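Novice: Just passing along the structure, written as structure tokens.
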Amino acid sequence: MKNLKGKVAVITGAARGIGFALAEASAEAGMKLAISDIDPAALAEAKKSLDAKGAETLAFPADVGNASEIEALAAATLKQFGSADLLFNNAGLFGTPALLWEQELADWEKTISVNLMGAINGIRTFVPIMLHQETDCHIVNVASVAGHLVQPFLGPYQATKFAMTAITESLYLELQTLDANIGVSLVCPGFTKTNIMGGEAASEPSQEEMSGGPASMIRSAMTEGVKSGLSPHDVAKQVIEAVKNDKFYVFTHPYALEMIGKRFDQVLGGTNPLLEGALKERFTE
Ligand SMILES: NC(=O)c1ccc[n+]([C@@H]2O[C@H](COP(=O)([O-])OP(=O)(O)OC[C@H]3O[C@@H](n4cnc5c(N)ncnc54)[C@H](O)[C@@H]3O)[C@@H](O)[C@H]2O)c1
């Protein structure tokens with residue numbers, strides 16, 4: 001999708017963090033915006049700030065896990081702008097670090113609903129619209145480095161991000177069989193300085209965390225990593241470049257590729273998974 005000017009970008013989870021930065025970057029590229037989030041108050045603030053910079057913005061509160069709310073977002077976008085050309089399936093949450101078998105069922109369901117069903121609802125709703133439009137379109141799925149690497153205690157988050165990798169590659173291949181004018185990108189950020197570990201989005205600590213178990217080490221490592229992460233603006237800039245250049249894999253943090261290379265070496269070499277870092281020091285030495 002070389003020319004973004006005058007096109008319409010739909011962004012989920014756009015009230016803050018990477019989603020808001022994607023909205024800003026899309027507006028800077030001359031796009032009209034349909035921004036959506038589950039948090040209506042923060043979404044209204046985001047709209048104010050984007051409008052103040054001269055963007056043409058529709059703000060539509062919706063829960064990505066609810067298919068009919070995403071259909072309503074699409075209808076409102078088409079009503080206001082007449083098309084939907086670039087979709088960012090960005091909304092996501094981190095969940096609660098815990099042992100797999102102690103993760104609350106409600107946490108599994110919530111993480112799957114937002115991180116995976118959110119993108120599925122976006123694809124089911126917007127791909128038919130884009131195919132019908134027959135214009136140049138693009139879908140960006142925001143996964144994570146966690147869609148390629150495994151750490152313990154993050155079961156639901158990693159399961160949904162690995163699944164996101166699978167459905168996004170599948171989407172790309174399926175669209176090729178139709179010779180459709182819809183590009184696809186899989187964005188895999190590493191640590192990015194957002195509110196994902198804090199504020200209202202923060203999950204309650206699991207039992208295992210409260211008893212000072214290793215899951216609490218993972219939460220503090222993640223919190224520290226996010227605090228000193230890349231700015232969402234830098235991530236968004238790389239994503240917009242990828243859309244313009246029809247690039248599929250978007251690894252915004254170079255260290256990620258090195259770590260993924262090590263994982264593939266293990267897989268190809270038939271070596272068993274190993275604990276890393278502080279967990280390795282505490283449990284294997
Ligand atoms: N921050 C990081 O280090 C990092 C790293 C890798 C991947 N990611 C991914 O980037 C994406 C954005 O995360 P972020 O870091 O900007 O987080 P964030 O918490 O700052 O922003 C996420 C936004 O999504 C919204 N949201 C949550 N549940 C929703 C729902 N059900 N429906 C609609 N909106 C909902 C929140 O209200 C919030 O505004 C996520 O998919 C996340 O997994 C983040």
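The values are calculated or read from the model by the stated rules, or taken from the named source; none is laboratory data. Please read all numbers here as calculations on a predicted model, not as lab measurements. Here Cβ is always computed from backbone atoms with ideal geometry, including for glycine, and neighbour counts include all displayed protein chains. Accessible surface is based on the protein model in full, side chains and every heavy atom, while ligands, DNA and RNA are left aside. Shrake-Rupley method; radii C 1.70, N 1.55, O 1.52, S 1.80 Å.
Novice: Using just the helices of the chain, give the 222 nm mean residue ellipticity in deg cm²/dmol: DSSP H runs with n ≥ 4 each add -39,500 (n - 2.57), and the total is spread over all residues, rounded to 500.
Specialist: Using -39500 (n - 2.57) per qualifying helix, the result is -16000 deg cm²/dmol.
Novice: Taking all protein chains together and a probe of 1.4 Å, list Arg282, Arg263 from the most accessible to the least accessible.
Specialist: Descending order: Arg282, Arg263.
Novice: Would you mind getting the accessible area per residue of the chain, heavy atoms of the protein chains only, 1.4 Å probe, in Å²?
Specialist: Per-residue value: 48 Å².
Novice: List the chymotrypsin sites (Phe, Trp or Tyr not before Pro) in segment 158-260 that DSSP assigns to loop (not H, G, I, E or B) and whose Cβ has at most 15 other Cβ atoms within 10 Å. Which are they?
Specialist: For chymotrypsin sites (Phe, Trp or Tyr not before Pro) across segment 158-260 that sit outside H, G, I, E and B with at most 15 neighbouring Cβ atoms in 10 Å, the list reads Phe248.
Novice: Moving on to the next point. Tally up the carbon and sulfur contribution to the accessible surface of the chain as a whole percent, 1.4 Å probe, everything protein left in place.
Specialist: Summing carbon and sulfur atoms, their accessible area is 57 percent of the total for the chain.
Novice: Mind checking which of Thr223, Leu186, Ser144 is farthest towards the positive end of segment 136-252's charge dipole, using Cβ charges of +1 (Lys, Arg) and -1 (Asp, Glu) about the Cα centre?
Specialist: The Cα lying farthest towards the positive end belongs to Thr223.
Novice: Give me the compactness ratio for segment 62-204, meaning the Cα radius of gyration over 2.2 N^0.38 Å.
Specialist: Dividing the Cα Rg of segment 62-204 by 2.2 N^0.38 Å gives 1.10.
Novice: Round to a whole angstrom and tell me the spacing of the C-alpha centers of segment 247-284 and segment 115-137.
Specialist: Between the Cα centres of segment 247-284 and segment 115-137 lies a distance of 32 Å.
Novice: Could you sort 272-278, 46-52 so that the peptide with the highest average Cβ count within 10 Å comes first and the rest follow in order?
Specialist: 46-52, 272-278
Novice: Over 32 Å between Cα atoms: which of Lys244/Lys280; Lys48/Lys79; Lys48/Lys244; Lys2/Lys110 fall into that group?
Specialist: As for pairs spanning more than 32 Å Cα to Cα, those are Lys244/Lys280; Lys2/Lys110.
Novice: Another question, if that's okay. Please list 5-17, 219-231 highest first by mean number of surrounding beta-carbon atoms within 10 Å per residue.
Specialist: 5-17, 219-231
Novice: Suppose every K and R has +1 on its Cβ and every D and E has -1 on its Cβ; what is the size of the dipole of the chain about the Cα centre, in Debye to the nearest 20?
Specialist: For the chain, the charge dipole is close to 660 debye.
Novice: Would you check the accessible area of Thr284, probe 1.4 Å, heavy atoms only, in square angstrom rounded to 10?
Specialist: About 80 Å², ignoring ligands and nucleic acids.
Novice: Within the P(r) computed for segment 8-258, what percentage of the Cα pairs occupies the region above 33 Å?
Specialist: Percent of Cα pairs beyond 33 Å in segment 8-258: 15.
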